[in-house]
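Notes for the one structure printed next.
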Amino acid sequence: MPRFSSDHIFETVLRYPVVPVFFHADAAHAKQILNACYAGGLRVFEFTNRGANAFEVFSELVAHVQANCPDMVLGIGTIYTAEDAERFIQAGADFVVQPCLTEEVAEVCRRHNTPWLPGTMTVSEVYQATRLGAAVVKIFPGNVLGPGFIKSLRGPMPTVPLMVTGGVEPTEDSLREWFGAGVNVVGMGSQLFKNPNDTEALSRQIAALLAFAQTAVSPLPS
């Protein structure tokens, strides 16, 4: 049985609009990074399926979160196939993120009532994602599309929950630009983890970014 309802996960993602996007092959190191994010106030974490042992590391993170970070919503990213979506959900993924949009993954998530966050880069793909039941639509790669795309998209699609990944820097200027353009959530990968061994500094940086993000983001129109 899932730890959280899909509504709770959706609300948490919007309430904590900075999402770390992280992979490391060493489970102990991954736990340290997750702990630092949790200490900094984050409650959403995306571990990516990018290594040969990603499933094993993710499974250890699930157990770690349940024992030590009970409020953390832990999702799996870089999912392409229904088979991978199924096994990671069975392992405890609270949500599923894709770099693209595939109907087979949408169907698995719908069957399990697991929030689905597909990657899109055109207006047509964003519309297709909403029709297939996306909880949040990921705009990717953000560094290619830019904030201008978000501003243009918000005209015809003002109510679609949007997360941008790629090109988001861990600075107030970058967050101001993206949230000002109209995104609801930002995903941050390598830019956030330039000095991952200093976990106390990482927690402080995250706390400051989260505090700023929560004031910069605009609520979705009802």
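The values are calculated or read from the model by the stated rules, or taken from the named source; none is laboratory data. Since the structure is predicted, the reported quantities are computational estimates derived from the model, not experimental observations. Positions of Cβ are backbone-derived with ideal geometry, glycine not excepted, and every protein chain shown enters the neighbour counts. Remember, those area values only see protein heavy atoms, side chains included, never the ligands or the DNA or RNA. Shrake-Rupley method; radii C 1.70, N 1.55, O 1.52, S 1.80 Å.
General remarks:
- Checklist (1) free of Cβ contacts under 8 Å to residues at least 60 places away in the same chain; (2) open to solvent by 20 Å² or more (accessible area, probe 1.4 Å); (3) aliphatic (A, V, I, L, M); (4) under 30 Å from Q32 (Cα atoms) applied to A135, failing item: (1)
- Residue identified as hydrophobic (A, V, I, L, M, F, W, C), in contact with a Leu (Cβ under 6 Å, 6 or more places away or on another chain), surrounded by 15 or more Cβ atoms within 10 Å (Cβ to Cβ) and in contact (Cβ under 8 Å) with a residue 12 or more places away in the chain among V96, V18, V73: V18
- Any chance S152 is under 15 Å from the mean Cα position of the chain (by Cα), over 25 Å from H8 (Cβ atoms) and open to solvent by 40 Å² or more (accessible area, probe 1.4 Å): no
- For Q66: the one exception among (1) assigned to a helix (DSSP H, G or I); (2) in contact (Cβ under 8 Å) with a residue 60 or more places away in the chain; (3) within 16 Å of the chain's Cα centre (by Cα): (3)
- Residue within segment 29-48 that is at negative phi, open to solvent by 60 Å² or more (accessible area, probe 1.4 Å) and without any contact (Cβ under 8 Å) to a residue 40 or more places away in the chain present: no
- Test: residue in segment 65-82 that is at negative phi, among the aromatic types (F, W, Y) and touching a Gly at 6+ places or on another chain (Cβ under 7 Å): no
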